[in-house]
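First comes the structure, then the notes that go with it.
Derivation of every value follows stated rules applied to the coordinates shown; laboratory data play no part. Computed from a prediction, not measured in an experiment: that's the story for all the values here. Glycine gets a Cβ as well: all are built from the backbone with ideal geometry, and neighbour counts include every protein chain shown.
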Amino acid sequence: MIYSHEVEMMCPVAQGANHGPAPIPEEAKWVQAKEVKDISGLTHGVGWCAPQQGACKLTLNVKEGIIQEALIETIGCSGMTHSAAMCSEILPGKTILEALNTDLVCDAINTAMRELFLQIVYGRTQSAFSEDGLPVGAGLEDLGKGLRSQVGTMYGTLAKGPRYLEMAEGYVTGIALDANDEIIGYQFVSLGKMTDFIAKGDDPNTAYEKAKGQYGRVDEAAKIIDPRKE
């Protein structure tokens, strides 16, 4: 350690206050976090790239400073899906400090990692008051049975009005309109269920019919339009 001349010439004065860091809530315990291994928790965060063309929702499950589980969901940029694929290999096994300083391939994922790091080290995790935290695998619960991200895709113009394209239930195949051309419901097909039916032996047409559903007052519609063609 190198000290300046001014510091060398100072007389020593004892530091009286040394109470350590304020405890933070972690998995139903109050922890004075002094090292990376003192950090545990599961939480989510959102990041965006510099041109704000795409975004990432990142979910991490950290146990004793080590990332045990990572869920990477991206939207808005085709290249980000490949970045997410690489990131799923990069993150598990790293400490949160390593992950913060690792190139996670995509700006949006890097930004999400920064936001999660802040939540985790300040004790603002989703599992802060859950005894023993959440098990590894809890990150998948956000995806539901079909293991697909919850995506909402809508489009609208002043000239022609709104178009529902994708809802949490699935890919929108029809928009139900009343006599005033106002939306009163929609039809959809759950692509996750459809693929499961095909995998179990159904032919594609049968699987498509079994995976269809509707929401709202579709049966009362004056007409139903295809949101991608009409």
**Prompt:** Percentage of Cα-Cα pair distances in the chain greater than 28 Å, rounded to whole percent?
**Reply:** 52
**Asked** In percent, what relative contact order does region 153-225 have, based on Cα pairs under 8 Å that are 6 or more apart in sequence?
**Response** 30
**Prompt:** If you line up the long axis of helix 107-121 against the longest principal axis of the chain, both from Cα atoms, how many degrees apart are they, to the nearest 10?
**Reply:** 60
**Prompt:** Once the piece of chain linking Asp203 and Val46 is laid out straight, how much longer is it, given 0.36 nm per residue of separation minus the C-alpha distance between them?
**Reply:** 52.6 nm
**For region 159-200: relative contact order, % (alpha-carbon pairs under 8 angstrom, 6 or more apart)** = 31
**Prompt:** GNM, the chain, Cα, under 10 Å: largest mean-square fluctuation among Ser78, Ser88, Ser149?
**Reply:** Ser78
**Message:** With just the Cα atoms defining each centre, how far is region 179-230 from region 142-167? Give it in Å.
**Reply:** 13
**Asked** Given a cut-off of under 8 Å on Cα pairs at least six residues apart, what relative contact order in percent is computed for the chain?
**Response** 16
**Prompt:** Given a Förster distance of 30 angstrom, what is the FRET efficiency for Ala14 paired with Asp38, based on the Cβ-Cβ distance and rounded to 0.05?
**Reply:** 0.65
**Fill in**
the chain, Gaussian network, Cα under 10 Å: of Ile39, Ile96, Ile198, the residue fluctuating most is Ile198
**Asked** Using θ = phi - 60° and the Karplus curve 6.51 cos²θ - 1.76 cosθ + 1.60, what whole-Hz ³J(HN,Hα) does each residue of region 79-90 get, with Gly and Pro shown as x?
**Response** x, 5, 5, 6, 4, 4, 4, 5, 5, 5, 8, 6
**Item:** Cβ-Cβ FRET estimate between Val31 and Glu220, R0 fixed at 41 Å, reported to 0.05
**Value:** 0.15
**Complete:** Listed by chain and number, the residues whose amide H is under 5 Å from that of Ile184, excluding neighbours fewer than 5 places away on the same chain and using placed H, are Ala176, Leu177, Asp178
**Fill in**
Stretched fully, the stretch from Asp178 through Ile2 gains (0.36 nm per residue minus C-alpha distance, one decimal, in nm) 55.5 nm
**Asked** Among Thr206, Thr43, Thr95, whose mean-square fluctuation peaks in a Gaussian network model of the chain (Cα, cutoff 10 Å)?
**Response** Thr206
**Message:** Compute for region 23-143: radius of gyration divided by Kirkwood radius, i.e. Rg/Rh, restricted to C-alpha atoms, rounded to two decimals.
**Reply:** 0.97
**Message:** So for the chain, if I pair up every lysine 8 or more residues apart or on another chain, how many of those pairs have alpha-carbons under 20 Å apart?
**Reply:** 21
**Request:** Per DSSP H run of at least 4 residues, take -39500 (n - 2.57); add these up for the chain, divide by its residues and hand me the 222 nm value, nearest 500 deg cm²/dmol.
**Result:** -6500 deg cm²/dmol
